[in-house]
1. Taking H as built 1.01 Å from N, whose amide H comes closer than 5 Å to the amide H of B:VAL124, not counting residues under 5 places away?
2. How would you classify the range A:1-84 from its alpha-carbon gyration tensor, with a ≥ b ≥ c the square roots of the eigenvalues: rounded for a/c under 1.5, else prolate if a/b is greater than b/c, otherwise oblate?
3. Shape of the protein assembly as shown from its Cα gyration tensor (a ≥ b ≥ c, root eigenvalues): rounded if a/c is under 1.5, otherwise prolate when a/b > b/c, or oblate?
4. So, R0 is 51 Å and r is the distance between the beta-carbons of D:PHE101 and B:ARG88; what FRET efficiency does that work out to, to 0.05?
5. Quick one: net charge around C:ALA77, please, counting Lys, Arg +1 and Asp, Glu -1 for every other residue with C-beta under 10 Å from its C-beta.
6. Would you calculate the separation in nanometres between label points at B:HIS30 and A:GLN51, each defined as 7 Å from the Cα along the Cα-to-beta-carbon direction?
7. Separation between the A:ALA132 and B:ARG22 pseudo-spin-labels, each 7 Å from Cα along Cα→Cβ, expressed in nm?
8. Note the angle between two axes, namely the Cα long axis of helix A:55-70 and the longest principal axis of the Cα atoms of chain A, as a number of degrees from 0 to 90, rounded to the nearest 10.
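Rule-based calculations on the coordinates, nothing more; no lab input. Quantities reported herein were computed from a predicted structural model and do not represent experimental measurements. Don't worry about glycine lacking a Cβ; one is built from the backbone with ideal geometry, like all the others, and counts go over all protein chains shown.
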4 protein chains.
Amino acid sequence: MDADQLAQACAQQMFSHDNVSRAMGMNVEHMACRQSEVTMRVTAEMLNGHQTCHGGKIFCLADSAFAFACNSENESAVASACSIDFLRPARENDLLTARAFVMHQGRRTGIYNVSITNQNQELVAIFKGNSARLNQAVLPQDQRSDS
Amino acid sequence: MDADQLAQACAQQMFSHDNVSRAMGMNVEHMACRQSEVTMRVTAEMLNGHQTCHGGKIFCLADSAFAFACNSENESAVASACSIDFLRPARENDLLTARAFVMHQGRRTGIYNVSITNQNQELVAIFKGNSARLNQAVLPQDQRSDS
Amino acid sequence: MDADQLAQACAQQMFSHDNVSRAMGMNVEHMACRQSEVTMRVTAEMLNGHQTCHGGKIFCLADSAFAFACNSENESAVASACSIDFLRPARENDLLTARAFVMHQGRRTGIYNVSITNQNQELVAIFKGNSARLNQAVLPQDQRSDS
Amino acid sequence: MDADQLAQACAQQMFSHDNVSRAMGMNVEHMACRQSEVTMRVTAEMLNGHQTCHGGKIFCLADSAFAFACNSENESAVASACSIDFLRPARENDLLTARAFVMHQGRRTGIYNVSITNQNQELVAIFKGNSARLNQAVLPQDQRSDS
């Protein structure tokens, strides 16, 4: 496996165990080393009283894209801190795309940025995530031995 | 209505229109002017692959507590930015409590802190939210005229 | 030494080696365990083109108060991340007070908040600092053996 | 003037009134629309007790690069919030380069990222700035009428 194939295998493994992302209808569109692209359509259940998408739902999308990117080297990592700026409301049926990319990855900690855009390429939110590695693999033993 | 009663009426109005918070089983335990306390139990559907509560779910709880606090004066406000530090994992059946309090409230923008603790009073996360008022009321006209 | 005396000794030790804080005219007004209060007067050299205090100078004041607070238990710690919200400009001759207090202190990492107010008790900025301990003492050996 | 020449004129105007940046020995290396590159050498006076560059000094460098970038369209803007992650210490005589680039610029508010690297292209810190426009020009009237 090369680095991008490893990234895809890690995302597949994580996504298959991530009920939250699947229940929200997320889709992993693209994976590469320390990068990801994840989409989600805004449904009626995601709306708040202003009839716009709940900020927590946009955060979840960004957080998932961040998780796939910072786990893409088969080193299990969790979020230690995140921040998000909300720039424009998202509305029912909008198709949101979160693109995560690395800013810094050290031996143990990393920093990733995620942009969230709608179907008109308008920026909906900007997210930053700090990750910390756990010193364990993402992939199960047998899958790793294939690589 | 005094300030705390107004805060309660605003939270009631918001919560009744907030499908996301209700669907997650949140409960508004206490409201006062620029303050709130909201609880949520971690369910199986909230777990990630590490069998701990998805960070996005903890964010949603904090975000709701923040929203109730920054809308508590019957001035509709939205989040412009949020940040969260994750300090300790939350596990299935944990009862999380988010307590929001004001750091700053100007004419238009505000800053609120939210602590998220578990049933053992251990700190699970710290959240900060920046709010921006929209120049409209939270309560419908008839309810305001009662006040 | 009790915890507050230890905090004072640590701040004294740090301040005597901190040319930056002394050159800016900072003064440590009060120290306690995981808390500090530091003042600084805004001078002409601190002004930017808008004739208000440079944001970096306000940051330095907050950062010093944070440093004294997160080093107050004789465990040397450095900042891993900081954030600041600027709420109101500071002007020449304003006397700024930074008050740092702990939000969380674990075995290794901590989170501290700092409020920066002017002489009219108006909030100028809000600062949050994340600290990481270095596994070394603040005080030199001989001073510690006294305690 | 094209957009990049305007950016250079704005930076020149600001720098000539910014005693803080000049006193710290900063140098504007490159300006373009919504982008800047600023260098600073770490001097003995910038060191803290650990003999590494004071975090506040690194913040000041990043903050200046941010200011030049968010004022580069001749619309005066100030910082409303900033955050910084410290990744690696800077030492005496290190030559730091701050590169600011736009993430988002709306009618009134903007978000800019700044990377701070040393002379070995190692990342020292990552900075994010939120800006708010003031509805006034950066350049004096006569200079603008030339454009």
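1. Long-range HN contacts for B:VAL124: B:ILE116, B:THR117, B:ASN118.
2. Cα axes put the range A:1-84 in the prolate bin.
3. rounded
4. My answer for the efficiency is 0.90.
5. Result for the local shell: 0.
6. Computed distance between label sites B:HIS30 and A:GLN51 equals 3.7 nm.
7. Reported label-point gap for A:ALA132 and B:ARG22 is 3.8 nm.
8. 20
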